[in-house]
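All of the numbers you see were taken from the coordinates with simple rules; none came from a lab. The structure displayed is predicted, hence computed values, not measured ones. Positions of Cβ are generated from backbone atoms using ideal geometry, with glycine treated the same way; all protein chains shown enter the neighbour counts.
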Amino acid sequence: MKLLNDGQLKSAINAFRNTKLRNFWTMLGVIIGVTSFILVVGISEGVKLQILGQVQRIGSDILTIRPNNIQISGSSLDSLTLLSGINVSGSLSPNDLSRVANTKGVKEVVPLSAMTAQINGSGGSYKKGLVIGTTPNFDTLLNQGLSYGNFLNSTSNMVNQVVVGSQAAVDLFNEDVPLGQTVLINNQPFVVRGILDPFPATPLSSGAEFNKALFISYGNSEQMTNNTVTTYEILALPNDPSQALKVQKNIESSLLASHGGQYDFRVLNQDQNLKSSTAILDLVTKLVIGVSAISLLVGGIGIMNVMLVSITERTHEIGIRKALGATNRQILEQFLVESTTLSFIGGLIGVILAYIIDLVLRLFTDIEPSISVTIIILALIISTVIGVIFGSIPAFKAAKKEPIDALRSE
Amino acid sequence: MALIKLDNVSKIYGFGDATTVALDEVSLVIDKGEFVAVMGPSGSGKSTLMNVIGLLDRPSQGRYMLENRSVSRLRSNQSAKIRRDSIGFIFQSFNLLNKLTVIDNVSLPLAYKGISQSKRYKMASNILDRVGIRSREYFYPPQLSGGQAQCVAIARALVNNPKIIIADEPTGNLDSAGSRLVMELLSEIHAMGNTVIFVTHNPELTRYATRVVYMHDGNIIHDENTVIGRVAPRARKVLYTLPVKSIDDDLAGVSALVKAIEPKSSPQKKNKRKRKTVKK
Ligand SMILES: Nc1ncnc2c1ncn2[C@@H]1O[C@H](COP(=O)(O)OP(=O)(O)OP(=O)(O)O)[C@@H](O)[C@H]1O
Ligand SMILES: [Mg+2]
C-alpha cells in the first residue's frame, strides 16, 4: 500500500519526542521482550556451538554408556548432574565394564568413576573434592593434553599415583609444578604424576569441575571404596568408526542381557549425547522464549493503551486534520506509523541492550552467546509487527471519528 | 452560477425531548464570487450552517448541491477530498497544530494531497508571503499573536486554492487591530474572485461583505445584498454587541434583530417554535 508520506513520519517522530518518558515505559515491554528473545536464542546457540566443539574434539565415534540412575558414593554431586545435562543417579558395575570391553568391535574402553573425598595438599585442601577413577588411556581417548608429567599408567594403582586438574594444582600445592609431591585423599597418600591442561570450558558442563578434580586409577578408586565406587560413565571406542552404530547395538544388547532386560542404562553415540546434553537447554530456551513472547504481548498491549490515551487526548487534532482534508485512511496511517515507530524503536533499544549484555557475559562468564543477524532481523520484524497489530485498534478508532465531533472536543 | 445550493436543509440534534433543530429547512443559494456575512444570535445555527456547507457535517434532511453535484450523502472519504480540494476553513480559535511549525501547519492540506515536501514548502512559503507573515515560517503557533495565528490559519485555508473560504467568527478572538488585519485579508481574497462566507457577531464587519444573511432559530430570517464599504442597513439597526455576555444581552439582540427585519418575515411562525436554550 502506498503509505507514509514524509509528513506522517515527521509527525510520528514529533509525537514521539513530545512524550518521551511515557513512551519509554510503553516501550519497556517490547525492549525486555526483544532483549530476552535475542539473548536466550543467542546463548542457547552459543552453548550448543561450544558443546559441539567439545564433541568434535573428543571424536565423533566415541560411544558413551551411562546409567539411568546414579547414586554417587560419598555424597551427591550436583556438578555431575549438570555434567552432561542429564539427570544422573545410579551406577554401572565392574561387570558392565568388562562386558563392554569384551563386546565385539570395541577397541578400547575408559571407565569414569566418581567419588568425593577430603583432600589435603601441601598448600591447601578440598573438603569435598572430586576424585575420578579412570584408566591410563583416558587422556589419549579424550585428546586431553598434560602441562607437566604424564598421565596414569598401568602401575599407577600399585604406587598410588594421581594426576591433578590444572586448578587443583594451583589450589592444593605450594609449588608451581607439584610433580612428585604428595597429596592425601581421605588420608591416603598419593604422589602427583602429572598435571592436566585446562579442560575447555563449556557452560552448564564440567570443564571447570574437571579442572578441580583429581584423577586416580580405576583400581585405586575401587579399593578406596571397598568396591562400591560409582561408575557414572563408560567410554567405548569402536575398532572401525564406520561400524559405530553396529557396535552401539552390540553393547546395548550385551548389557541388556546382563541387566535382566532392564533399560537402566543408556548407550549413546555422540549425536545422541549432544542431543541429551542440549535437551534441557532446548527446554529452557523454549520456556524463556515463551516468557519473552508474553513480554512482547504485554509490550504490545502497553502500546495499544498509550495509543488509545493519545488518541483521546488528540481528538481535537484529529478533527483539525480531517477538516483540512485528511481521509480516514490517512489518519489511520498516521497513528499506525506512530505505534510502529514506538515499537520499532523499542525493538532497536532491545537489540542494543542485548548486545551490551552479550558483551558483559563474554567478559565475565564462560558463556559465549552467538547472536546471528537473522535473529536481530527477526526481532526487529517482530517488534514492527507488534506495533502494527496493537496499533491498529487505536488507529481505526482515530480514523473513524466524525470530523465535526472531533473538532468540537477540546 | 450557483456554487452552493441548499434545498430545505435541516439539521436536527438529539432524540425525543432533547431534540434541537439547529437548521430548519434552510434554503440558500450562494454564487461564485460572493462575500457573504452570516449574522444571528448565539445558537441560531450559524456554525451548523457553516459545517454543513463545509462538508464537516451532514444535513439530517434536504439537498445540498455543490457545483451542481449532490454532496448531501457522500461517503466520508469523498467529503474529505472535497474539503481538501475545494474548501478552506478558518476558525474562531485558529485550530493550528501547536506541535507543528507555521510552515508545516500551512502545508498540511498539501501533504494530504500527496504533494512532495519541497513543493509543499515552496507553496506554503508563497502563501505565507501573501498574507504577510513569512518571517514567522519556523515559529510554533504558541509563539504567535492572535492576529498572526489567524493569518497563518488563513494561509492554510488558501494554500490549496479552494473554491470556498468558510470562516466561522474569524475575528471572534481578536482585538480590533487583529480583526481589521484578518478582514482586509479576506477582502483581498474575495477581490481575487474567491467565494468567502464568514460568520460574525459584529455588525461593523458587514461593511466588507457583499451580502448579509441573518439567522434566527435555525432559519434564515433575512437575506440582503449590501455595498462593500458600508455597514448593512439592517445590521446597523441591530444593537447587540459582541461577544454576548449574558442571556439578557442576547435576548435584546434577538428582539432587536427580529424587530429590524419584521416587515419581511412572519414572526408568528417563529413564535410557535419552542425557544432554544441559549449557549453560555
Ligand atoms: N453536537 C450538538 N449536539 C446537540 N446540539 C447541538 C450540537 N451542535 C449544535 N447544537 C445546537 O444547535 C443549535 C445551533 O448551534 P450553532 O453552534 O450552529 O449556533 P451558532 O449560531 O453558531 O451560535 P454561536 O453564535 O454561539 O456560535 C444550538 O441550539 C446548539 O445547542
Ligand atoms: Mg458558532
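Out of every Cα-Cα pair in region A:369-410, what percent are more than 16 Å apart? Of the Cα pairs, 59 percent sit more than 16 Å apart. Taken as Cα centroids, region A:91-162 and region B:192-226 sit 107 Å apart, rounded to the nearest whole angstrom. Against chain A, whose longest principal axis comes from its Cα atoms, helix A:6-18 is set at around 70 degrees. For the peptide A:312-320, the mean number of other protein chain Cβ atoms found within 10 angstrom of a residue's Cβ is 2. Ordering A:150-161, B:190-201 by mean Cβ neighbour count within 10 Å, with the highest value first, yields B:190-201, A:150-161. Using a simple spin-label model with pseudo-atoms 7 Å out from Cα toward Cβ, B:ASN126 and A:LEU184 lie 10.2 nm apart. Applying the criteria of a DSSP loop state and at most 15 other Cβ atoms within 10 Å to the GluC sites (Glu not before Pro) of region A:275-352 yields no site.
Peptides A:192-199, B:87-94, A:22-29 ranked from most to least packed by the mean count of surrounding Cβ atoms within 10 Å: B:87-94, A:192-199, A:22-29.
Taking a ≥ b ≥ c as the square roots of the Cα gyration tensor eigenvalues, with a/c under 1.5 meaning rounded and otherwise prolate when a/b beats b/c, else oblate, which class fits region B:1-83? Oblate is the answer for region B:1-83, as a/c is 1.5 or above yet b/c matches or exceeds a/b. Other protein chain C-beta atoms within 10 Å of residue C-beta, averaged over A:324-336: 5.
Global size of region A:62-268: 16.7, 52 Å for Rg and Dmax (C-alpha atoms, Rg to one decimal, Dmax whole). With everything on Cα atoms, drop me the angle between helix A:328-364 and the longest principal axis of chain A, reported from 0 to 90° to the nearest 10. Roughly 20 degrees between the two axes.
Stokes-Einstein diffusion of region B:162-238 at 10 °C, 1.306 mPa s viscosity, Kirkwood radius from Cα pairs, rounded to a whole number: 123 µm²/s. In degrees from 0 to 90, rounded to the nearest 10, what is the angle of the helix A:373-400 Cα long axis to the longest principal axis of chain A? Roughly 30 degrees between the two axes. Ellipticity at 222 nm from helices only: DSSP H runs of n ≥ 4 in the protein assembly as shown, each -39500 (n - 2.57), divided by the residue count, give -15500 deg cm²/dmol. Modelled this way, with points 7 Å down the Cα-to-C-beta line, the labels at A:ASP282 and A:THR374 are 1.6 nm from one another. If you count the DSSP beta bridges with both ends in chain A, what percent of them are antiparallel, to the nearest 5? Given both bridge residues lie in chain A, the antiparallel proportion sits at roughly 80 percent. Multiplying each eigenvalue of the alpha-carbon gyration tensor of region B:15-137 by 5 and taking the square root yields semi-axes of 31, 17, 15 Å, largest first, rounded to whole angstroms.
Here the Kirkwood formula, the inverse mean of 1/r across different C-alpha pairs, assigns the protein assembly as shown a hydrodynamic radius of 32.4 Å.
The trypsin sites (Lys or Arg not before Pro) of region B:29-80 that meet both conditions, a loop assignment by DSSP and at most 12 other Cβ atoms within 10 Å of the site Cβ, are B:ARG73, B:ARG75. Under the shape rule built on the C-alpha gyration tensor, where the axes satisfy a ≥ b ≥ c, region B:84-174 is oblate, since a/c reaches at least 1.5 while a/b does not exceed b/c. Taking the centroid of alpha carbons for each part, region B:1-34 and region A:255-332 are 56 Å apart. Prolate is the label for chain A, because the ratio a/c of its alpha-carbon gyration tensor axes (a ≥ b ≥ c) is 1.5 or higher and a/b is greater than b/c. Taking every residue in B:152-159 and counting other chain Cβ atoms within 10 Å of its Cβ, the average works out to 1. Counting only DSSP beta bridges with both residues in the protein assembly as shown, the antiparallel share comes to about 65 percent.
Only one residue of A:VAL40, A:GLY347, A:ILE357 has its Cα farthest out toward the positive end of the dipole of the protein assembly as shown, where Lys and Arg carry +1 and Asp and Glu -1 on Cβ, and that residue is A:GLY347.
FRET efficiency for the A:ASP197 to A:ILE301 pair, using the beta carbon distance and R₀ = 60 Å, is estimated at 0.65.
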